[in-house]
1. So which GluC sites (Glu not before Pro) in the stretch 414-510 pass both tests, a DSSP loop state and at most 12 other Cβ atoms within 10 Å of the Cβ?
2. Taking 0.36 nm per residue of separation and subtracting the Cα-Cα distance, what length does fully extending Arg10 through Lys47 add?
3. List, in order, the whole-Hz ³J(HN,Hα) value for each residue of the stretch 373-385 obtained from phi through the Karplus relation with A = 6.51, B = -1.76, C = 1.60 and θ = phi - 60°; use x for Gly and Pro.
4. Could the peptides 281-291, 8-18 be put in order, highest first, of the mean number of other beta-carbon atoms found within 10 Å of their residues?
5. Sorted from fewest to most neighbouring beta carbons within 10 Å, what does the list Thr405, Thr594, Thr46, Thr143 look like?
6. From the Cα gyration tensor of the stretch 178-231, with a ≥ b ≥ c the square roots of its eigenvalues, which class applies: rounded if a/c is under 1.5, or else prolate if a/b is larger than b/c, or else oblate?
7. Taking amide H positions as placed in the peptide plane 1.01 Å from N, state which residues far from Val417 in sequence (5 or more) or on other chains have amide H under 5 Å from it.
8. Ranked highest first by average number of other Cβ atoms within 10 Å, how do 309-322, 622-635, 22-35 line up?
Amino acid sequence: MDDAFRALAREAGIAVDWIDAADRPQRVAVGSLRRILDALGHPNATKGDIAESRKRLRALKDGARDFYTATVGEPIAIGAMRLRPIEAPGYHRLEVGGRQITVAVAPRRCVTLDELAGGKRLYGLAVQLYSLRRAGDAGFGDTGALRELVVSAAREGADAIALSPTHSLFAADPSHYAPYSPSSRLFLNPLYADAEAVFGTERVAAATDDVAPAHDLIDWPNAAAAKYALLRRLYESFTTDELAQGRAALASDLASFEREGGARLREHALFEALHRHWYAGKQQWNWHEWPAAWHDRDDPAVRRFAEEQAGEIRFNIFLQWLAGRAFRKVQQTARDAGMRIGLISDLAVGMSPGGSHAWSRHKDLLLDLSIGAPPDLFNPRGQDWGLTAFSPQALIASGFEPFITTLRAAMRNAGGVRIDHAMGLSRLWLVPRGASPGEGAYLSYPLDDMMRLIALESHLNHAIVIGEDLGTVQPEFRKRVADVGIAGMDVLWFQRERETFLPPAQWRPDAVAVTSTHDLPTVAGWWSGADIETRAALGLADEKVETKARAKDRVELWRAFDAAGVGKTQAPAAADTAPAVDATLAFTAQSPATMALIPLEDVLGLTEQPNLPGTIDQHPNWRRRLERPAAQVLDTPAIRARLKTLRER
């Protein structure tokens, strides 16, 4: 039976045998395989179950589907049939033997940075949106502050602003503010909407009670409560006097938005109302804890609730409309200011199993499995990220509708998208509910189909695509990504061969050059060793050992700077971070990449990183604010000099 389980697992796309981070072969235990097979919906209790499951898998593979992908100019394989190539990219409907089949025909490559750059080399800033400031904000950054930064950055020659995720979280519980654990990736976080973009300064001022105090750390629960109260007052005023005061255009626009959003928008708005009802009233946060009838969007109890709470549901639709229009205005501002790309959105790798998408579309997802990572040198027990993922089988059966919809949401109101943990397009480490991370396994995804759909949607939305390919990456995956025109990410800290930092000329031309990321030390934090002190204080590092190693690393990094001609002085002391930041930006700018994407924290020379992995409440993750207003944050001689280095390169 063990061999039968393994055969079924392989047919289902589970990697029974795999190679760990230390290049050692590993085999998944049969018990883990059976739990994962159960979660995938493949019965395996008996030999008959196994045979039937394998039969269904083969039928799906051999042509029992009505959606296929293809590449422009290449023959189209539909089961045993081969059709002549289609030359026009797009979604084509074919009639084959009495069946209606959709074929998504993709261009060979995404819209690339090289196409948009026109032979030039670009730079952009990576920004934590919540960290920005502007006069009259709600205690955290919003699209109004972002618009001010866009204008300032464009003036300094930047062509892109890459954002932290702006996905919808949980309006009823603002204490869940981690941007990579969204309720839904299809909708936006309304807190980021600057209502002035739609209603104007005067009307918003009239609805505002108090100006939020200017703290250095965001108090998400209180700040969010105040912002939602403002948005609710605006909604009430909008519904009562929009037509009487000549605002029929806005009402018509909202109606169009609701029609275009369709069932998914209404389902999300309904979930937000339900979540507020159960969490605020009964402290039942997770919909799995609700009575079984309330798990089904079509249950009579849920329908009655929707009728009774029609106003609340429409308010939630209003919030999505407001957020969408606010982000659209920022992107338009970016393009009007001369940016070739403008906003780059961030697509999180998964979503909360307690969120809107999981509640409304159970079958899209693998709710009994959690995304994570296998044990390695840094995490001997492995990782469980508490996120759920798409079901590969459901993607194929649904004609990839959830994936296509997610791509479109990420590319809407943006000139590009960064795909978090892009290796998930090929395989994900999935952990059965209640199991340890080491009891998981890799599950493969229909990579060719997904790559073609990314290329097609990139073409249709005129958006570049960046794939975060950090960590353990299969070599063939990087080649496949490059072939389809998805830019990888070369991060300074990882551009090494043992102790030696690679010269910029050896970085990839088809990757984005990056100094650091939100999960890694800033340049100033790394150079000073502040990141080690922080982790040591939390019991996450051996300060003595790491400080000694860092001293050697500083010597090696400055040696690389000297070789590249950017170490204009002797290596500064650890506490003297400004020369190190200057040299790092000049070094990174020498990469052959078409675009450098620099975290705003590094342009400003800040010490603290936005997020410290391995912590939740022990550290102020996703809460830090910049000192200066967004409109002025780049307006100092030292910062303008750094941007000049990037611009001239």
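Values in this text are rule-based calculations from the coordinates and carry no lab data. Here the structure is a predicted model, which means the values were calculated and not measured. When we count neighbours, we look across all protein chains shown, and the Cβ atoms used for this are built from the backbone with ideal geometry, even at glycine.
1. Passing sites in the stretch 414-510 are Glu499.
2. 11.7 nm
3. Residue by residue, the stretch 373-385 yields 8, x, x, 8, 5, 8, 10, x, 9, x, 9, 10, 8 Hz.
4. Peptide ranking by packing, descending: 8-18, 281-291.
5. Least crowded to most crowded, the residues run Thr46, Thr405, Thr594, Thr143.
6. Since a/c reaches 1.5 but b/c is at least a/b, the shape of the stretch 178-231 is classed as oblate.
7. HN-HN under 5 Å from Val417: Ser345, Ile464, Val465, Ile466.
8. So the order, starting with the most tightly packed, is 309-322, 622-635, 22-35.
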